[in-house]
Amino acid sequence: MALGYVDCVEDGVTTRHYYGNPQDARKAKEGLGDWMERNLKKIGVTENRYQEAKAMMGLKKSCNCSARKKWLNDVSAWWRQSR
């Protein structure tokens, strides 16, 4: 089956419908923050491990991961729109 997408306009709202491999649809919607989180988890870097490592070094345990992830997603969405 061919992979791709179709933009549908209904009541002035454009939505993108993907067909083919569902993994491709997920990757197309994911931002840079989501990509970073997914790939860091693959190598064992999780939010908890990051906080534990900071605590072992005597640093503050907070990581601000969700705010950083949101910022990266916003930047990547802006980048896609500006191109």
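Read the figures in this text as sums done on the coordinates, not as results from a lab. Keep in mind that this is a model prediction, so the values were computed, not measured. Here the Cβ is made from the backbone with ideal geometry for all residues, glycine too, and neighbour counts use every protein chain on show.
Listed highest first by mean packing, meaning other Cβ atoms within 10 Å per residue, what order do 30-38, 52-60 come in? List each step's numbers first, then the result.
Details: 30-38: 17.0, 52-60: 10.0.
Descending packing order for the listed peptides: 30-38, 52-60.
Starting from the 7 Å offset along Cα-to-Cβ, what nm value, one decimal, do you get for the label separation of GLU47 and TRP71?
1.6
For LEU40 and SER82, calculate 0.36 nm times their separation in residues minus their Cα-Cα distance, and state this gained length in nm to one decimal. List each step's numbers first, then the result.
Working: separation 42, 0.36 × 42 = 15.12 nm, distance 2.72 nm.
Residue separation times 0.36 nm, minus the Cα-Cα distance, leaves 12.4 nm.
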